[in-house]
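The values are calculated or read from the model by the stated rules, or taken from the named source; none is laboratory data. What you see is a predicted model, and the numbers here were worked out from it, not measured in a lab. Neighbour counts run over all protein chains shown; Cβ positions are idealised from the backbone, glycine included. The area values use the complete protein model at the heavy-atom level, side chains included, leaving out ligands, DNA and RNA. Shrake-Rupley method; radii C 1.70, N 1.55, O 1.52, S 1.80 Å.
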Amino acid sequence: MVNHHRAWAEIDLDAVTHNLTVIRRKAGPGVAVMLVVKADAYGHGAVAIAHHAVRCGIGSLGVGTSAEALELREAGVRVPILVLGTLVDEEAAAALHHGIEIGIHSRDRVGMLEKLAKAQGLRARVHLNIDTGMGRLGVLPGNALALFEEIHAAKHLELAGVMTHISSMRGALDETAHEQSQVFERVLDQARERGLLKGAIHVANSAALFTALKPLHSTVRPGISAYGILPGGLPGAEELRPVMSLTSQVVFLKDLPPATRVGYDSTWTSVRATRIATLPVGYNDGVSWRLGNRGQVLVRGQRARIVGRVSMDYTTIDVGHIKDVHVGESVTFFGGVGDKRISLEDVAREANTIAYELSCAVGKRVKRIYIGGEESQLPTQPAGDGRLLQGVQNHEPKPHSTHAPR
Ligand SMILES: *Cc1c(COP(=O)(O)O)cnc(C)c1O
């Protein structure tokens, strides 16, 4: 087999379909999935993932910045898109113009969006973000009602959703998630009593969804689980299928005598004669610098160690113990099957980070190759507030009757 790229990330769309099916089952009937595709869909390619998710019946998407939202609109993605966090002021006009929904956390922002929406002659769809313990964005519970009232009074704003974000990576396994949930319920009750509660209500990220935090309300916002990963070995991880693998190829082999130094700062020295393979990927491509002298890769089904520092464009591995390695040989950083597999979580542990960071860090120079995705029809879901309601919800995909057995 000839490898055409310095490095490539294979992205298995059938695995995404499978994971979305698991996510929907966990969400339960009538709960919509807003798929989070921020940071270029955690490195998987937001445009491809968004189109595939919509084909799978996903009713809405969450992104991190308005630029990400506009990229999807430009690529023809028509479902509702929410900027989960916030905008800097300069982003707002274009976002509204393209019908992007925006998270709201302050009175200033209400005033600014009302003015902009009025100038554009439209109604901006906003989601009120309540800070129940994340301490980041969101209005504190004590100030929430005032914001509900202001949004209600603003003629050019429409309350499309109310949200909070759970801080614990262990979801409902952590007591703080339940505390956050209760605080959120009290805010919702107050708004409901005054007739101010409207739109989708959403709380759960992947960790909260997979640990069955209740109530889920109308919509869930999973990201990482759709890509086959759960933080820190949460229950349900075994039901998911990994989506991305990262592979490169050997560009150079060199037989080193003993006591030869390798890489920046000479952090590794050969003890005995060995063979070093150089790979044309470095930390700019997503091979973490912290994997220097720590990480492992798969070559011909065997593990090999990263030796010396990872540099920007190159990584060196010791293949002295592996027979018949040749220039052009595939080398897997994460991916593979069975016991010949390195998971992104394994790599994250070695690099002393989280799988999220490594997945997002797969660089622009790495070619994305999409496989599968031909059979992706799941019933269309509503956006969470009753729009786009068509067909039956939350069914497992039906076997394709015309599909020839493989
Ligand atoms: C990133 C994000 C999510 C998705 O989190 P995962 O842990 O990837 O499931 C959900 N909600 C908000 C507000 C986020 O920023």
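Observations on the structure shown:
- Residue in the stretch 207-242 that is least open to solvent (accessible area, probe 1.4 Å), counting only those that are without any contact (Cβ under 8 Å) to a residue 60 or more places away in the chain and not aliphatic (A, V, I, L, M): Thr211
- Criterion violated by Ala32 - all others in (1) among the aliphatic types (A, V, I, L, M); (2) in contact with a strand residue (DSSP E or B) (Cβ under 8 Å, 6 or more places away or on another chain); (3) open to solvent by 10 Å² or more (accessible area, probe 1.4 Å); (4) within 16 Å of the ligand (Cβ to nearest atom) satisfied: (3)
- Against the test of being aliphatic (A, V, I, L, M) and on the phi > 0 side of the Ramachandran plot, the options Ala177, Ala172, Ala212 yield a single qualifying residue, Ala212.
- Which numbered condition Arg107 fails, given (1) farther than 24 Å from Leu209 by Cβ; (2) modelled with pLDDT of 95 or more: (2)
- Hits in the stretch 121-131 (condition: surrounded by fewer than 22 Cβ atoms within 10 Å (Cβ to Cβ) and either under 13 Å from Lys155 (Cβ atoms) or hydroxyl-bearing (Ser, Thr, Tyr) (or both)): Gly121, Leu122, Arg123
- If the condition is being in contact with a strand residue (DSSP E or B) (Cβ under 8 Å, 6 or more places away or on another chain), open to solvent by 20 Å² or more (accessible area, probe 1.4 Å) and under 20 Å from Met163 (Cβ atoms), then the stretch 110-119 contributes only Glu114.
- Among the residues making up the stretch 212-245, those that are of a type outside the set (A, V, I, L, M, F, W, C) and assigned to a loop (DSSP other than H, G, I, E, B) are Lys214, Pro215, His217, Ser218, Arg221, Pro222, Gly223, Gly228, Pro235, Gly236, Arg241, Pro242.
- Scanning the stretch 252-283 for residues that are surrounded by 15 or more Cβ atoms within 10 Å (Cβ to Cβ) and under 36 Å from the mean Cα position of the chain (by Cα) returns Val262, Gly263, Trp268, Ile276, Ala277, Thr278, Leu279, Pro280, Val281, Gly282, Tyr283.
- Residue match in the stretch 171-182 (condition: within 26 Å of Arg123 (Cα to Cα), out of contact with any Cys (no Cβ under 8 Å at 6 or more places or on another chain) and within 16 Å of the ligand (Cβ to nearest atom)): no
- The residues listed here are Ile166, Ile102; of these, the one that is part of a loop (DSSP other than H, G, I, E, B), crowded, with 23+ Cβ neighbours inside 10 Å and assigned by TED's automatic domain parsing to the domain that holds Ala48 is Ile166.
- Subset tally (residues that are part of a loop (DSSP other than H, G, I, E, B), over 26 Å from the mean Cα position of the chain (by Cα) and among the aliphatic types (A, V, I, L, M)) for the stretch 105-147: 2
- Entry remark, the stretch 292-304: residues being within 17 Å of Glu345 (Cα to Cα), out of contact with any helix residue (DSSP H, G or I) (no Cβ under 6 Å at 6 or more places or on another chain) and either surrounded by fewer than 22 Cβ atoms within 10 Å (Cβ to Cβ) or modelled with pLDDT under 95 (or both) number 3 in total.
- Pairs linking a residue in the stretch 52-79 that is free of Cβ contacts under 8 Å to residues at least 60 places away in the same chain to a residue that is surrounded by 18 or more Cβ atoms within 10 Å (Cβ to Cβ) and acidic (Asp, Glu), with Cβ atoms under 8 Å and 6 or more positions apart or on different chains, are Thr65/Glu91; Ser66/Glu91; Ala67/Glu91; Glu68/Asp40.
- Checked against (1) assigned to a helix (DSSP H, G or I); (2) in contact (Cβ under 8 Å) with a residue 40 or more places away in the chain, His44 meets all criteria but (1).
- Restricted to the stretch 137-161, and to residues there that are within 16 Å of the ligand (Cβ to nearest atom) and in contact (Cβ under 8 Å) with a residue 40 or more places away in the chain, the residue that is surrounded by the most Cβ atoms within 10 Å (Cβ to Cβ) is Gly161.
- Scanning the stretch 322-359 for residues that are hydrophobic (A, V, I, L, M, F, W, C) and open to solvent by 60 Å² or more (accessible area, probe 1.4 Å), we see that the one that is farthest from Ser225 (Cα to Cα) is Val327.
- Total residues in the stretch 79-92, condition away from the ligand (no atom under 13 Å from the Cβ), open to solvent by 10 Å² or more (accessible area, probe 1.4 Å), modelled with pLDDT of 95 or more and hydrophobic (A, V, I, L, M, F, W, C): 1
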